[in-house]
1. Of everything in the range 230-263, what is modelled with pLDDT of 90 or more and acidic (Asp, Glu)? Give them in sequence order.
2. So, in the range 227-247, how many residues would count as being aliphatic (A, V, I, L, M) and surrounded by 18 or more Cβ atoms within 10 Å (Cβ to Cβ)?
3. Is there any pair with a first residue in the range 253-268 that is closer than 14 Å to residue 100 by Cα and a second that is assigned to a strand (DSSP E or B) and small (Gly, Ala, Ser) whose Cβ atoms are under 6 Å apart and which are 6 or more apart or on different chains, and what are they?
4. Conditions: (1) among the polar types (S, T, N, Q); (2) modelled with pLDDT of 85 or more; (3) exposed (fewer than 14 other Cβ atoms within 10 Å of the Cβ). Residue 302 meets all but one. Number of the miss?
5. So if I check each of 99, 75, 111, which one is under 27 Å from residue 1 (Cβ atoms), touching a residue at least 12 places away in the same chain (Cβ under 8 Å) and either assigned to a loop (DSSP other than H, G, I, E, B) or hydroxyl-bearing (Ser, Thr, Tyr) (or both)?
6. Which one is surrounded by the fewest Cβ atoms within 10 Å (Cβ to Cβ) among residues in the range 196-213 that are among the polar types (S, T, N, Q) and over 16 Å from residue 120 (Cβ atoms)?
7. Scan the range 78-96 residue by residue and report those that are β-branched (Val, Ile, Thr) and not in a helix (DSSP H, G or I).
8. Look through 24, 38, 54, 9 and report the one residue that is in contact (Cβ under 8 Å) with a residue 24 or more places away in the chain, under 19 Å from the mean Cα position of the chain (by Cα) and not in a loop (DSSP other than H, G, I, E, B).
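The values are calculated or read from the model by the stated rules, or taken from the named source; none is laboratory data. From a predicted model like this one, the values you see are computed outputs, not experimental measurements. Note: ideal-geometry Cβ built from the backbone for every residue, glycine included; neighbour counts use all protein chains shown.
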Amino acid sequence: MNRKEFGKLVAALRQDMDWTQFQLAEYAEVEEPVISQLERGVKKHFEPDLLFRLANVLQLTTLERREFFLAASGLDDRQIVRQPSAGITTDAFDAQKILKKMLDLMGQVRLPAFVIDVYGDVIAANNCILAFFKPPLSLLESAERIPGGFNSIRLTFGRELVTRTQIAENWDNYAINTMRAFREISLRYRAKPYFQYLMKAFRNPNEYPLFDRFWKLVSSAEQDKEANMDHFSFRHAEFGEIKYISSATFTVTAFGELFLNQFLPLDKHTYEVFEQLAQLGGEGVVRFAPWPNKPMMESTRQ
């Protein structure tokens, strides 16, 4: 991420707090011209204390801070990965090979699992998780024509409220964990056109009536998250009390990370439910959102 892109990121984070440049400068205890220079991309050197102050006042979690500091390095995704040379072989620049490896691995997992990218788009899911949440066919068929159609945010916060129909109790906790994961993996990409395109769709209250509430709720949460996993405990409408950890294994690529999320059972009943779903669904994998190219289209809904 170059200096201009980092400046846009800081501006996006500031605007998300509904602050002016003056307010951000005041809260961070820095001069207002520093914020202006930073957001315009003309400030070339960032003092560690400046970044520390900004991360504090912007209320970034531990995982968000890591992404924020990485963004401040001035390096983009293609520079972060190991560079190919005559004596080094790397697949980090081969999108199709990377994705095939991830999908092959997911196909062997006998647990609910799905692959998402840095924007929260669900690239693929295995049959086990599809049998667990049972997304309606109409939702999947319309996804290609709707902004954010394959995104994890739509599955949770879209007007269809797919997960809420399956989670009989404690849905709020599920929604908070989902939103928190989305905010963390997308932080370095908040100023990107595709993220702005998604946010325009997500902030439509008719299509995503609960999005803004949980977006703001997560940003002000007191409990920090320092591990790349979330604990879920709720009563499923069909399978009863379910307890698991959603743990992500990520692959670093020249196009941003890919995350393989797996549901790890925490009790015998959940283990038995997941095993039953794996036996019924088999090892199939279903592709959804495109990657790494991210097309943008207008909504066809009337």
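1. Selection gives 238, 241, 257.
2. Count: 1.
3. These pairs meet every condition: 259/248.
4. Residue 302 satisfies every listed condition except (2).
5. 75
6. For the range 196-213, the residue satisfying everything is 206.
7. Selection gives 81, 88, 89, 90.
8. 9
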